[in-house]
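What follows is one structure encoded as structure tokens, with my remarks underneath.
The values are calculated or read from the model by the stated rules, or taken from the named source; none is laboratory data. Quick caveat: nothing in here was measured; it's all calculated off a predicted structure. With ideal geometry, Cβ positions are generated from the backbone for all residues, glycine too; neighbour counts draw on all protein chains shown.
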């Protein structure tokens, strides 16, 4: 698990793209690109106003749980 603080959106996008390189995929009978890794991103965005001391916080959680894609036919 890593915690990273970004100064701008490009730093965040580059890090998110790099993290995709560590994910493991394996083809299954039902899905050619099945994830074999659990991935959880907790993203907290802080928006500071120049003229005020106000800060708006937005939290976003993205979860991808590895699955087996088993179907009962």
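The condition (being surrounded by 10 or more Cβ atoms within 10 Å (Cβ to Cβ) and either modelled with pLDDT of 75 or more or more than 13 Å from the chain's Cα centre (by Cα) (or both)) is satisfied by just one residue among 16, 65: 16. Within region 34-52, how many residues are modelled with pLDDT of 85 or more and not in a strand (DSSP E or B)? Residues meeting the conditions: 0.
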